[in-house]
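As structure tokens, the structure follows; a few thoughts come after it.
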Amino acid sequence: VGGGQQRKTERPKPTYMTFEQIGGQDRAKQELTEALDFLIKHEEIKKFGIRPLKGILLTGPPGTGKTLMAKAAAHYTNSVYVAASGSEFVEMYVGVGAGRIRDLFKQARSQAVKEKKENAIIFIDEIDVIGGKREGGQQKEYDQTLNQLLTEMDGIYSNTVPRILIIAATNRKEMLDSALLRPGRFDRHIRVDLPDKKGRLHILNIHAANKPMDEEVNLDKIADQSFGFSGAQLESVMNEAAIYAMREAKGSIEQQHLTSAIDKVMLGEKTDREATS
Ligand code: ATP
């Protein structure tokens, strides 16, 4: 044999997300996986003549895990994942936004071919920016962008591979143009709400998993004290608590660090809101 030592090639850490890594949201996860099964069971879909699922709309407050859901959906269905955010389209010149949408679909298809995958998921966060209700005639650039999105969606057929599914997210569903919500477009809506206590505890546990926690820590109490917090805020609580523990040169995170972190996150949110109001 060659004699040369087999060198281990450095592989990047897996960056995929699974539904197990998302805390709480049991109902949303179930509704989403049921919808995704439509993508997987494409043969049956064809047999029964069911209209293919093209768009899923995730609605709910910021930081509740909508992006995580879209990423987990891609892993669950063995799809490539490409993403864009509505905010990218702000102040784009007429036509540029439409081009970006076209490129997004092109990229999804070519990436699927390259990675030999049958499905592609396109995630569009803050869809309300491009798909907001038309008021007056002043939104020409958004009109073209939205029209391009609708054209791309209308051009999706279930029997061509890669199959494309669009997942969009918004926290302002009532703002969306009705053209987006018609059958064959975003006709399946899943609400991703703020977590209840059980959900908060689950999320806290997920984010505590890679941190040294003191034996006395009672996360159940922290879940009680963080009523109204989103997943993103709970992640911040864990992170801030870790920073407090490190600053105090403690070996692990203690209960007091977590309660201080709750205050800090709550206060931070308040000053953010005051600053914008
Ligand atoms: P936005 O509407 O602001 O885009 P979002 O609903 O898409 O927010 P995410 O981007 O998915 O929220 O979540 C932000 C971060 O908050 C995640 O990276 C994760 O660390 C944490 N997080 C949010 N929800 C959950 C959850 N259910 N379980 C675990 N972590 C969560």
Measuring with a 1.4 Å probe in the full set of protein chains, what accessible area per residue, in whole Å², belongs to the chain? 57 Å²
Computed over the chain, the distribution of all Cα-Cα distances in 10 Å bins, rounded to whole %, is 6, 24, 28, 22, 14, 5, 1, 0
Using label points projected 7 Å from each Cα along Cα→Cβ, tell me how many nm separate residue 218 and residue 106, to one decimal. 6.0 nm
Between residue 116 and residue 174, how many nm apart are label points set 7 Å from Cα along the C-beta direction? 5.1 nm
For region 27-117, what is the convex hull (Cα atoms) projected area averaged across all directions, in square nanometres? 7.6 nm²
Can you list the lysines whose alpha carbon is less than 30 Å from that of residue 54, not counting same-chain residues fewer than 8 positions off? 29, 41, 46, 66, 71, 106, 114, 116, 117, 133, 140, 173
How about region 130-229: which trypsin sites (Lys or Arg not before Pro) there are in a DSSP loop, with at most 15 other Cβ atoms within 10 Å of their Cβ? 133, 134, 172
What's log10 of I(q)/I(0) for region 75-233 at q = 0.13 Å⁻¹, Debye sum over Cα points only, no solvent? -0.76
Which percent of the accessible area of the chain is formed by carbon and sulfur heavy atoms (probe 1.4 angstrom)? 51 percent
Full-stretch length increase - residue 90, residue 44 - with 0.36 nm per residue and alpha-carbon distance subtracted: 12.5 nm
With Cβ to Cβ distances under 15 Å as the rule, what net charge do the other residues near residue 19 carry (K, R +1; D, E -1)? -1
What FRET efficiency do you get for residue 37 and residue 249 if R0 is 51 Å and r is their Cβ-Cβ distance, rounded to the nearest 0.05? 0.50
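The values are calculated or read from the model by the stated rules, or taken from the named source; none is laboratory data. Predicted model, so just to flag it, every value in this text is computed and none were measured. Cβ atoms come from the backbone with ideal geometry, glycine included; neighbour counts cover every protein chain shown. The accessibility values were calculated without ligands, DNA or RNA, using every heavy atom of the protein model including side chains. Shrake-Rupley method; radii C 1.70, N 1.55, O 1.52, S 1.80 Å.
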